[in-house]
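First the structure, in the form of C-alpha cells, and then the observations on it.
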Amino acid sequence: MLRGRRAEREALDRVFAAVRTGRSQVLVLLGEPGIGKTALLEYAVDQAADFRIVRAAGVESEMELPYAALHQLCLPILDRLERLPRPQGDALATAFGLAGGGAPQRFLVGLAALSLLSDAGEERPLLCVVDDAHWLDRASAQTLAFVARRLGEESVALLVAVRETGDHEFDGLPSLAVEGLPPSDARELLSATITGSLDEQVLERIVAEAEGNPLALVDWPQGMSPDALAGGFAFPAALPISRRIEELYRHQLEQLPGDTRMLLLIAAAEPLGDPALLWRAATSLGLAPDAAPPAESAGLLAIGARVRFRHPLVRGTVYRAATPDDRRRVHGALADATDPVIDPDRRAWHRSQAAVAPDEAVAAELERSAVRARERGGLAAAAAFLDHATTLTPDPDRRATRALVAAQAKHQAGASDAALQLLDTADSRPLNDLHRAQVRRLRAEIAGLNRGRDAALLLLRAAEGLAPLDNQLARATYLQAFAAAMFAGRLATGTDLAEVAAALRAAPAATEPPRPIDLLVDGFATLLTDGWAPGAKKLGHAIRVSVGDDRLWLRFAWAAASVVWDDETAYTLGMRHIDLARAAGAMAELPVALNHLARLLVYNGR
Ligand SMILES: Nc1ncnc2c1ncn2[C@@H]1O[C@H](COP(=O)(O)OP(=O)(O)OP(=O)(O)O)[C@@H](O)[C@H]1O
Ligand SMILES: [Mg+2]
C-alpha cells in the first residue's frame, strides 16, 4: 500500500484526466534508488483501469541489444504494424529484427513508434509505463525520448521512471522529482513493516538514517537481527543510501546456501527473466529445484511466469558479489542454454563473458553480432560487440585490426574516449601502412572535436599518409583538413587554409568521371588557389549534382552553398544533413551540423 505521496498522486491523476480528454501527456519520475518511483508507477497502473497498458523496463546488464526495450513495449500492439505507412512499418520491423533490409533510419523508427502508439490510443486511451529507464538500450531510449517530445493530440500517457544519477535521454521533458517521505509517513511505513515491538529511540534512529527512503525503511529492518536493530546500524552513514542497502543485501546473501547463491547469480546474469532458460542453465550446473526456496523465502527472488528480483538493487548486488570465476561459469551455462538460431546475439554475449582467455571463435561470433546490430541501426551496440571482440582476439595483429574497426564504431556512436583507448590497442602492433594511416586519421578527427587549432594540421598529415594507399579516403581527409582550417581560421596552428588548398590540388587525381565529392574538393581548392570567380563557378556546379544520402558530401556541399551565397540551398542541404545524421545515430557529427545551421540562420537574420 502506498503511503503519503499526495502531491505525486495528484500529478499522476492530472495526467490521466488530460489523456482522457485526448491530450497526450508525458511525465518523467526522477529520483534516487529505492525512493519509490516504481511504487508510484504501480499506483498509476491501478488508476488506469480504463486504459490499455503496455510496459517495458530497462535491465542492468552490460549487454545492449538495439531496440530490445522498445520491442517489449510495443509487443502487445504490434498487430497494428500493417496499418502504418509502409516506410514506417518497414523501419520498425527491421529495428525489431522481424525483417531484414539494412539499418533503418532512426527518424523513421521514431515516427513509426509514435504512429503505432497514437493509433493504439485511438481505440482506447493508452498508458505506456517505462521503468528503470537508465538501463534502457540506447536505441530504445532515444526513440522513446523522440516520441515523448512529439506526443500531442492523441490519447497516450507515457510515464518514465529513471534514477536521477544515471545517464538518460529524458532531460527537458515534464518531470516529477520523487523525494524522501516526510518523517510522519516514514514512521508509519516503518511501524507497519516491523513485526513485534521496537522502542521509540531505535525507531527514530532508523527513520533518521533512512532519510525518508522507503526501500531503506522497508528492507533495513527485515535484514537485521533484533540485536542489530536495537543497537543501531553497522553501515557507515557516509555511504549513499543505495550502497548501504546493497551492503544489507550482501549480508543476507551470505546467509544462503551455495546452490541458492548460484541460482541467484544465474538469474542476475540473465536479463530476460525467462524461467525455462534459468532452469536449463541451472540444471547444467548441477543445481536442483531445491536451490530456489531459500531465495524465495528470503524474499530476494520470485520465480513465476517471469523471474523477478525483489528489487533491482538485489540483482546488481548478487552479480557484483560473485567471484569472477562463478560469473564466467554462469555465463557459460547461459550461453549453452540459449538458442543459437533464435537468439544468436545473446548467446554470443554470454559466451564472451564466459571466456577465460582470448578465443578466436568467440571473437568472430561477436563480430557477426556487431554486423547484425549495425544492420538494425544499433551503432552503440555494434561498438560494444566490437570492443569486446577486440579484447577476446588471441592473435595480436588481428586484435590490432579489430581495435581499429571498434574504435571507428565507438567514435561514430559518440564515445570518443573509448575510441582513443582502442586506438592505443591498435597502435600497439606494427600495423600495415594503410591501417596506420587510418589510425592517424581517426586520431586527427577525434582531436578536431576538442582541439580545433591542431586539427587541420593533424588531418593534413593523415591525408598525406593516406594518399598513396587509399585515394578516396585521402581525398575525404584533405577535405576534412580543409574544413578544419576554415573553422579555425587564423587560430589554426602549423598550417593554414592556403597550404591545405595547395595540398588538395596537388593530391592524386580523382577517378574519372569525378565523384560529386571530388568536384567539391576541386571547387574549394580552386577558390583559394585561383580566386573567387573560378572557384565559385566550380562549387556552384558541384552542389547541383544530386547525391542522395551521402553525409560526407552533404557536410561540405552546404558549406559550399554558403560560400557562394546560395542561402536557400545551404539551408535545404543543412537540414537534410541534420536529419540524416540523426537518422543514422551519428552522434559525433550531429552537433557540428547543428552548429553550422544555427550560424547560417543567424547570418540570415532568422
Ligand atoms: N509511498 C510508499 N509507501 C509504501 N511503500 C513504498 C512507498 N514507496 C516505496 N515503497 C516501497 O519501497 C520499496 C522501494 O520502492 P521502489 O522500488 O518504488 O523504488 P524505486 O525508486 O523504483 O527504486 P529503483 O531506482 O531502485 O528502481 C518498494 O518495496 C516499495 O514497495
Ligand atoms: Mg524501481
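The values are calculated or read from the model by the stated rules, or taken from the named source; none is laboratory data. Keep in mind the model is a prediction, meaning the values are calculated, not measured. Note that we place each Cβ from the backbone using ideal geometry, even for glycine, and neighbour counts take in every protein chain shown. Please note that ligands, DNA and RNA were not included when accessible areas were found on the heavy atoms of the full protein model with its side chains. Shrake-Rupley method; radii C 1.70, N 1.55, O 1.52, S 1.80 Å.
Annotations
- For the chain, the relative contact order works out to 11 percent when only alpha carbon pairs closer than 8 Å and six or more residues apart are counted.
- Cα gyration tensor shape for region 6-177, rounded if a/c is under 1.5, else prolate or oblate: oblate
- Restriction of the chymotrypsin sites (Phe, Trp or Tyr not before Pro) in region 503-604 to DSSP coil positions whose beta-carbon has at most 11 other beta-carbons within 10 angstrom yields Trp565.
- Crossing angle, helix 214-223 versus the chain [Cα axis fit, 0-90 degrees, rounded to tens]: 50 degrees
- To the nearest ten degrees, helix 379-391 and the longest principal axis of the Cα atoms of the chain are 90 degrees apart.
- Computed helical MRE - 222 nm, the chain, DSSP H runs ≥ 4 contributing -39500 (n - 2.57), nearest 500: -19500 deg cm²/dmol
- Dipole in debye (nearest 20) - region 356-475, about Cα centre, beta carbon charges: Lys, Arg +1; Asp, Glu -1: 380 debye
- Three-way shape label, the chain, alpha-carbon gyration tensor, a/c 1.5: prolate
- Aspartates and glutamates with Cα under 19 Å of Lys538, excluding same-chain neighbours fewer than 8 positions away: Glu512, Asp518, Asp522, Asp530, Asp566, Asp567, Glu568
- Folded to 0 to 90 degrees: helix 86-95 orientation relative to the chain principal axis, Cα: 60 degrees
- Take the Cα of Thr283, step 7 Å toward its Cβ, do the same at Thr193, and the gap between the two points is 3.9 nm.
- Span from the region 171-185 Cα centroid across to the region 120-136 one, whole angstrom: 20 Å
- Relative packing of 19-31, 335-347, which averages over residues the other C-beta atoms within 10 Å, highest first: 19-31, 335-347
- Shape call, region 432-508: gyration tensor on alpha carbons, a/c limit 1.5: oblate
- Computed FRET value (nearest 0.05) for Ala208 with Thr323, which takes r as the C-beta separation and R₀ as 41 Å: 0.70
- In Å², nearest 10: area of Thr165 left accessible to a 1.4 Å probe: 110 Å²
- All-pairs alpha carbon distance profile, region 12-72, 10 Å steps from 0, percent: 17, 42, 33, 8, 0
- Summing Cβ point charges (Lys, Arg +1; Asp, Glu -1) relative to the Cα centre of the chain gives a dipole of roughly 1400 debye.
- Between Asp171 and Ala302, the contour length at 0.36 nm per residue exceeds the alpha carbon distance by 43.8 nm.
- Accessible area of Asp579 (1.4 Å probe, protein heavy atoms only, ligands and nucleic acids ignored): about 60 Å².
- Rounded to the nearest 5, the antiparallel percentage of DSSP beta bridges internal to the chain is 10%.
- Pairwise centroid distance, computed over Cα atoms, of region 482-512 with region 553-606, Å: 20 Å
- Long-range HN-HN contacts of Val307 with modeled amide H, under 5 Å: Asp274
- Reported to the nearest whole Å, the Cα centre-to-centre distance from region 333-373 to region 256-322 is 22.
- Paired Rg and Dmax values of region 510-606, which use every Cα atom, in angstrom: 13.4, 41
- A Förster radius of 56 Å combined with the Cβ-Cβ distance from Asp496 to Glu62 puts the calculated FRET efficiency at roughly 0.75.
- Note on Arg398 and Lys537: with the Förster distance fixed at 41 Å, the Cβ-Cβ geometry gives a FRET efficiency of about 0.25.
- Rel. contact order, % - alpha carbon contacts under 8 angstrom, at least six apart, region 510-606: 20 percent
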